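Trainee: What follows is a single structure, and I will ask about it in a moment.
Each value in this text was obtained by applying a stated rule to the coordinates, not by laboratory testing. In this text, all values refer to a predicted model and were calculated from it rather than measured experimentally. Positions of Cβ are backbone-derived with ideal geometry, glycine not excepted, and every protein chain shown enters the neighbour counts.
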Amino acid sequence: MKNCYKLAITAAIVGFGLGTLNIAQAATVSLSSSNQGWWNTITSNTNINDNYITGNYSPVSLRSFFTFDLGTLAGISSATLQVQRFEGSGNPTQTLGFFDVSTSADVLAQKANNPDTNIYNDLGSGKNYGTFNVSTSGDRNEILSFVLNSDAIADINARSGQFFSIGGALLGDLGISDQYLFGLSFDSSTTLVVNTVPEPGTISGAALVGIIGLCLKGKIKTFQNV
């Protein structure tokens, strides 16, 4: 009886220990953009320009991009893009879409190669990572948080150890007037905030020990009842 009791206590302690380890493995990670900016179909740009204005700045239509070095990051369960508001213009509310990007990070970084129709189109098409209604007015220092959808999470996980880019575009008929978000966004950095999940193997180990503990507990009860 005493031996069974000790085994049950040991199993419980180990189970709690693994559970604590499991929780400790989950983490929130913030990544600053390694590059950002805009592409268009009409005018030139420079590589050092990190302004991510998005929309119509008459007569130019601009689409933005944000690139992040994922490093060894893996097992992402959620992702949020955080962007400083800066200046907006036009309609009281703009519809902003984020998209997957097939253009490589090193090509995107060569902003001096503007204009480029193919890259411009790439930044506003393909898989949609989320569509948001954003006010053109507000505190220019406000940080806006955009929760990305499951397609974005899947692509982030698929690109572990590589660069990951997000394209930004205003949607709908913008006409020919100034209609934009994030104007004058110089000398800033966007942030990708992700939550990771524990490794499945660790969860299984904790569950296994928990089951063993319950079995032993059942045996102890049975022994004591006898």
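Trainee: Taking each pair of different alpha-carbon atoms in segment 31-137 once, compute 1/r for the pair, average those values, and report the inverse of that mean as the Kirkwood hydrodynamic radius in Å to one decimal.
Mentor: Kirkwood radius, segment 31-137: 14.8 Å.
Trainee: Now a separate question. Any chance you could run the full-extension gain for ASP139 through ASN195? It's 0.36 nm times the residue separation minus the Cα-Cα distance, nm to one decimal.
Mentor: Taking 0.36 nm per residue and subtracting the Cα distance, the gain is 17.4 nm.
Trainee: Something else about it: Between beta-carbons, use under 15 Å as the cut-off and find the net charge around SER104, counting Lys and Arg +1, Asp and Glu -1.
Mentor: -4
Trainee: A follow-up question, please. How do 79-89, 103-113 rank on mean C-beta neighbours within 10 Å, highest first?
Mentor: Ranking, from highest mean packing down: 79-89, 103-113.
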